[in-house]
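Student: Below: one structure in C-alpha cells.
Every number here is computed from the coordinates shown, using simple stated rules; none is lab data. Just so we're clear, the structure is a prediction, and the values are computed from it rather than from any experiment. Glycine gets a Cβ as well: all are built from the backbone with ideal geometry, and neighbour counts include every protein chain shown.
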Amino acid sequence: MNEQKKISEVINLWKTDKKQYVKKSSFSAYVLLTENHLVPVFGNQYTIEEAEVQQFVFQKIEQGLSHKTIKDILIVLKMVLKFGAKNKWLEYQAFDIQFPTEREKHDIEVLSRTNQKKIMNYIQEHFTFRNLGIFICLSSGIHIGEVCALTWEDIDTDRGIISVKRTIQRIYVIEDNIRKTEVLLDTPKTKNSIRDIPMSRDLLRLLKPFKKIVNSSFFVLTNDEKPTEPRTYRSYYKNLMRELNMPELKFHGLRHSFATRCIESKCDYKTVSVLLGHSNISTTLNLYVHPNMEQKKKAIDQMFRALK
C-alpha cells in the first residue's frame, strides 16, 4: 500500500485526473459537490465507514436537499474512493445506503390550457425576440439554456424544424485558487439532447418572415452576435408573467407545460420522450404519465366488461 492520504488529498488528485476526461460543465458540477459537501464532512479522514455515509445522508435530507442531489453527491464520493483505492492511497468498501420513503408527492407545475393560450396569443400580438423565446419553449419543450443558445442557423423554415445542438450555462470555475463563474456555450449533456423538433404552424408562421432577413449566425433571443444568458432571460420571463397576471411558474414549467399538452393530446410516450431529449422513456413516464380518476374508472369498467 502506498502512503495513506486524507480524503481531501485524494479528492484533489481525482479532480486533476477527471478534468482530462469530462466536459467543463460536468467538472464544474463535481468541484461544487466536493467543495460544498464532501470536503467539509470527510476531508480530514483517511477512511469512511458505511455508517458515516448513512448519517451524512440523513443530515443532508434534514438540510432540505433532494434525494436526487444527495444521490449525485454519493456518485462523486464513490468515484473518489474507487480512485483512491486503485492508487492504493486508501481502502474502499462498497456501501449500501438507505433512503427514507418520500411521502410527499411532488406535483409538477404547468400552465393551464387557458393561461398557455393567453401567453401565446399575447406574444403573437406583441412580438419581440425575447418574447419569441417563450413561444418557442411552449411549442417545443426546450430548456432555457437551449433556447438561449439557439441561432437563426438552427431554424430551418423550409423543413419546419428547430435543431437543438447547443446549450448555454453559467458554471463555477476555480483557476489558480481564484473562484469565479463564467458563461459556457457547449453541446448538451447527452447525445439524446441533440435533436430536431418540428415546428407548429403558428411558430412557423411567426418565424418565416424573419428567416429571410436575419443574419444566420446571430442568436435568436437577442438577434445579435452576443447571446443572453439563462439567469438574465429568467428574470425577463418572470417580469413578463407578472405583467400578464399569470400564476408564478418557474421557467422550467414551460417545458413541463409542453410535455403535459403532448400527453393530454394522446401523443405516444416514446415520441414525447424523444422530443424532450430524455435519455430513456422511463424519465418521461415518471414525470408526466399519471392517470387521472377518469382514466382509472375507465380501466376498471373495461376489466369488468371483459369478465362478463
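Student: Looking at the square roots a ≥ b ≥ c of the eigenvalues of the Cα gyration tensor of the range 195-305, which shape do they give, rounded for a/c under 1.5, prolate if a/b is larger than b/c, or oblate?
Tutor: prolate
Student: Modelling each spin label as a point 7 Å along the Cα-to-Cβ direction, I'd like the F95/T187 distance in nm, to one decimal.
Tutor: 3.5 nm
Student: Over the chain, with a Gaussian network built from C-alpha contacts below 10 Å, which listed residue (K298, K238, K211) shows the highest mean-square fluctuation?
Tutor: K298
Student: Please state, as a whole number in µm²/s, the translational diffusion coefficient that the Stokes-Einstein equation yields for the chain at 10 °C and 1.306 mPa s, with Rh defined as the Kirkwood radius across alpha carbon pairs.
Tutor: Roughly 70 µm²/s, to the nearest whole number.
Student: Working from Cα positions, state the angle (0 to 90°, nearest 10) between the long axis of helix 252-264 and the longest principal axis of the chain.
Tutor: 60 degrees
Student: Further question on the same structure: What does the convex hull of the Cα atoms of the range 71-197 come to per residue, in Å³, rounded to a whole number?
Tutor: Taking the convex hull of the Cα positions in the range 71-197, it is 212 Å³ per residue.
Student: Can I ask one more? Using R₀ = 45 Å, calculate the FRET efficiency as 1/(1 + (r/R₀)^6) where r is the Cβ-Cβ separation of E225 and Q302; round to 0.05.
Tutor: Efficiency, from the Cβ-Cβ distance: 0.20.
Student: Using DSSP to call loops (not H, G, I, E or B), can you name the trypsin sites (Lys or Arg not before Pro) in the range 99-157 whose Cβ has at most 12 other Cβ atoms within 10 angstrom?
Tutor: R103, K105
Student: Can you give the angle from 0 to 90° between the axis of helix 50-62 and the longest principal axis of the chain, with both taken from C-alpha atoms, to the nearest 10?
Tutor: It is inclined by approximately 40 degrees.
Student: Can you compute the modelled spin-label distance between D196 and Y122, with each label point 7 Å from Cα toward Cβ, in nm?
Tutor: Between D196 and Y122, the simple spin-label model gives 3.4 nm.
Student: Expressed as a whole number of Å, what is the distance separating the alpha-carbon centroids of the range 224-242 and the range 102-159?
Tutor: Going from one Cα centre to the other spans 12 Å.
Student: Sticking with this one: Given the -39500 (n - 2.57) contribution per DSSP H run of 4+ residues, what per-residue ellipticity at 222 nm results for the chain, rounded to the nearest 500 deg cm²/dmol?
Tutor: -16000 deg cm²/dmol
Student: Determine, from the Cβ-Cβ distance of E175 and V39 and an R0 of 25 Å, the FRET efficiency 1/(1 + (r/R0)^6), rounded to the nearest 0.05.
Tutor: It comes to 0.85.
Student: Residue separation times 0.36 nm, minus the C-alpha to C-alpha distance between H252 and S66: what's the value?
Tutor: Additional length available on full extension: 65.2 nm.
Student: Sort C148, C137, C267 so the one with the fewest other Cβ atoms within 10 Å of its own Cβ comes first.
Tutor: Starting with the residue having the fewest Cβ neighbours, the order is C267, C137, C148.
Student: Only Cα pairs within less than 10 Å get springs; with that Gaussian network setup on the chain, which residue of R201, R234, R255 has the largest fluctuation?
Tutor: Comparing R201, R234, R255 in a Gaussian network model of the chain, the most mobile one is R201.
Student: A follow-up question, please. Tell me, how many Å apart are the Cα centres for the range 171-193 and for the range 69-85?
Tutor: 20 Å
Student: If you average the C-alpha positions of the range 245-292 and of the range 12-31 separately, how far apart do those two centres end up, in angstrom?
Tutor: Result: 32 Å between the Cα centres.
Student: Give me the extension gain from I108 to F210: residue separation times 0.36 nm, minus the current Cα-Cα distance, reported in nm with one decimal.
Tutor: Between I108 and F210, full extension yields an extra 33.3 nm.
Student: Within the P(r) computed for the range 1-113, what percentage of the Cα pairs occupies the region above 24 Å?
Tutor: 32 percent
Student: Roughly what angle does helix 7-18 make with the longest principal axis of the chain, taking Cα atoms, 0 to 90 degrees, to the nearest 10?
Tutor: Helix 7-18 sits roughly 50 degrees off the main axis of the chain.
Student: Starting from the Cα of L32, step 7 Å along the direction of its Cβ; do the same at A51; then give the gap between the two resulting points in nm.
Tutor: Taking the simple label geometry, L32 and A51 are separated by 3.4 nm.
Student: Still on this structure, please answer the following. Report P(r) for the range 259-308: all Cα-Cα distances, bin width 10 Å, range 0 to the bin holding the largest distance, values in whole percent.
Tutor: Percent of pairs per bin, in order: 24, 40, 25, 10, 0.
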